[in-house]
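Reading through the structure tokens given below for one structure.
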Amino acid sequence: MFVASSPILQGFAIGAVTACRGMEITSRLREQCANLMNGDSTLAASDFNWEMLTADTKLNWTPCYSGFQCSRLQVPLDYSAPQSEFASIAIVRLPSTSPKSEYRGPILFNPGGPGGSGVDAIVGAGAAFATVFGPEFDIVGFDPRGVSYSTPTISFFKTDAECRFLIPSAEVVIYPSLNASSNAVSKTWCDFGLLGQLALQSDTEHHLQHMSTDNIAREMLQLTQAFGFEKLQYWGISYGSVLGAMFATLFPDKVGRLMIDGFEDMDLLHLRTRGSTSMAVCRHSLTDATKLASFECQASPPPFHLKNFESYAAIACGDPVPVNDTLAELEEYWLNTAKVSQFSDLVSISRVLCAGYKIHRQGRFQGPVGAQNTSFPLLLVGNTLDPATARAGALKTSEAFPGSVVLTQDSVGHTSLVAPSSCTYRHFRTYFLNGTLPAPGTVSRRCGSYSRPLPTSPQRDDYQVLRSRDYWTPGREISSIMRRVVSCGAL
């Protein structure tokens, strides 16, 4: 029998039900809420004890998993008071296999979310990534502050029972549908309102305000410098595109190679006003997927990761301006989104979730996004039909970073990983290896075996070049693993 240890949940169980009449507990609230990946041998499950590592300001590598190395990096929790408290960032790398003279440094990867575990992603797909990018690079995954193996941990709940009571199940794609019943919006609003109250109640050390994208960008710079490099090499997908654009905005002179794939419209995520004006800014085409961008403008980023739901809520809802909509306004918003796109659930649920979240750091970054002179041009990737992050977001972001190039992959789904393409991977490889950008307007078809070789390494005349067909198997492996790391049905 469930016994609520939190006064808030006790109130829900006894009296607050009158404010949420008809909000019965459904099966989605009784399922497991945390480690969705347990039992999957391709992901970072339980064969390494992160607690045995001590965080340091330098990287001390320990063998972990199978063929990987792990470390913890100590970074300031509050960058405005860098000596007050610290966060411990979990890092995993698949080391470069090239001679030292040909070593090109780390490529950092973020799988999206927010709340996605870069450690899990690289343990699962690092070898395939290394095939795509080449042996000259370390392939590096990290868990941002508050995510998975990093600390401080984020927990809104005192018991597992409370967690199971409120967190959506793994079987629910994107979280509960707002179209499931006539009272689905009010029911979800009630559930997430309680979640927001629990976040406030649990945040006794005031850590949640520091779980923000601008702080994660700062720790990426510290991680890069801990490797002995001054400029970031990075690949981010979905929310990882928000993180990458944030980095390039805050540190334009620290961009080495920065490739971001699957775009939110960053400026519109930080707008203080919402409504028809915001929607009009986003209408770039007549496709249903691009129509969705008008509603992405008005909501926090869509939740793709269920494994770190609390991390998602803290970052996605703490980053933008507060959502202060009433229940009536949320219901009206949902009805309007449903008229425009069949994908309206994808982002409407984020707005409903964030309406209950009240923790926001003063002084957090609120835009605008962009930089006139990055130290190296960005490569932006977008699918022709992406139901979660329309290609229009990539085009808009490119305008904010002069010299950047948008590579379009002619495929359907969320990010290029959903449709492995050796043609696309060739562009990835040449960009990171020698800085070659695709020609503006390039559209990459989804292709497998292809006879044209990749460019040779500038350091080795006897470099064994890979042909496009060599990317097909690792590409399929990456897609398969990322489908498990990323819970959203769109990827």
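The values are calculated or read from the model by the stated rules, or taken from the named source; none is laboratory data. If you're wondering where the values come from, they're calculated on a predicted model, not measured in any experiment. Please note: Cβ atoms are built from the backbone with ideal geometry, for glycine as well, and neighbour counts cover all protein chains shown.
Summary table
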{"quantity": "Of all residues making up region 331-377, the number that are part of a loop (DSSP other than H, G, I, E, B) and in contact with a Cys (Cβ under 7 Å, 6 or more places away or on another chain)", "calculated": "1"}
{"quantity": "When residues of region 411-428 are limited to those that are of a type in the set (A, V, I, L, M) and not in a strand (DSSP E or B), the one nearest to Gly112 (Cα to Cα)", "calculated": "Leu417"}
{"quantity": "Tally of residues being modelled with pLDDT of 85 or more and surrounded by fewer than 23 Cβ atoms within 10 Å (Cβ to Cβ) across region 417-426", "calculated": "0"}
{"quantity": "Pairs where the first residue, in region 189-205, is more than 15 Å from Val323 (Cβ to Cβ) and the second is of a type in the set (D, E, K, R) and buried (at least 22 other Cβ atoms within 10 Å of the Cβ), C-beta under 8 Å, 6+ apart", "calculated": "Leu198/Glu162"}
{"quantity": "Residues being modelled with pLDDT of 75 or more and surrounded by fewer than 17 Cβ atoms within 10 Å (Cβ to Cβ) - total across region 169-201", "calculated": "8"}
{"quantity": "Flag if Gly363 is in contact with an Asp or Glu (Cβ under 6 Å, 6 or more places away or on another chain), surrounded by fewer than 24 Cβ atoms within 10 Å (Cβ to Cβ) and modelled with pLDDT under 85", "calculated": "no"}
{"quantity": "Of all residues making up region 120-145, the number that are of a type in the set (Phe, Trp, Tyr) and over 17 Å from Met220 (Cα atoms)", "calculated": "2"}
{"quantity": "Options Phe247, Phe229: the member that is buried (at least 20 other Cβ atoms within 10 Å of the Cβ) and closer than 29 Å to Thr430 by Cβ", "calculated": "Phe247"}
{"quantity": "Matching residues in region 218-240 - criterion: being within 19 Å of Glu136 (Cα to Cα), over 16 Å from the mean Cα position of the chain (by Cα) and not hydroxyl-bearing (Ser, Thr, Tyr)", "calculated": "Leu223, Gln225, Ala226, Phe227, Gly228, Phe229, Glu230, Lys231, Leu232, Gln233"}
{"quantity": "Tally of residues being more than 21 Å from Ser212 (Cα to Cα) and under 22 Å from the mean Cα position of the chain (by Cα) across region 70-96", "calculated": "5"}
{"quantity": "Selection within region 194-243 - within 30 Å of Pro377 (Cβ to Cβ) and in contact with a His (Cβ under 8 Å, 6 or more places away or on another chain)", "calculated": "Ser238"}
{"quantity": "Residues satisfying the stated conditions in region 382-410, i.e. assigned to a strand (DSSP E or B) and at pLDDT 90 or above", "calculated": "Val405"}
{"quantity": "All helices (runs of 4 or more DSSP H) inside region 225-330 with 3 or more residues being modelled with pLDDT under 80, in contact with a Leu (Cβ under 7 Å, 6 or more places away or on another chain) and farther than 23 Å from Ala199 by Cα", "calculated": "276-282"}
{"quantity": "Among residues of region 96-106, those that are exposed (fewer than 14 other Cβ atoms within 10 Å of the Cβ) and assigned to a strand (DSSP E or B), counted", "calculated": "0"}
{"quantity": "Selection within region 318-335 - over 18 Å from Gly240 (Cβ atoms) and either within 23 Å of the chain's Cα centre (by Cα) or surrounded by 17 or more Cβ atoms within 10 Å (Cβ to Cβ) (or both)", "calculated": "Val321, Pro322, Val323, Asp325, Leu330, Glu331, Tyr333, Trp334"}
{"quantity": "Search result, residues across region 107-154 that are assigned to a loop (DSSP other than H, G, I, E, B) and aromatic (Phe, Trp, Tyr)", "calculated": "Tyr149"}
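For (1) modelled with pLDDT under 95; (2) among the hydrophobic types (A, V, I, L, M, F, W, C), each residue gets a yes or a no:
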| site | (1), (2) |
| --- | --- |
| Asn49 | yes, no |
| Asn60 | no, no |
| Ala81 | yes, yes |
| Ile89 | no, yes |
| Tyr103 | no, no |
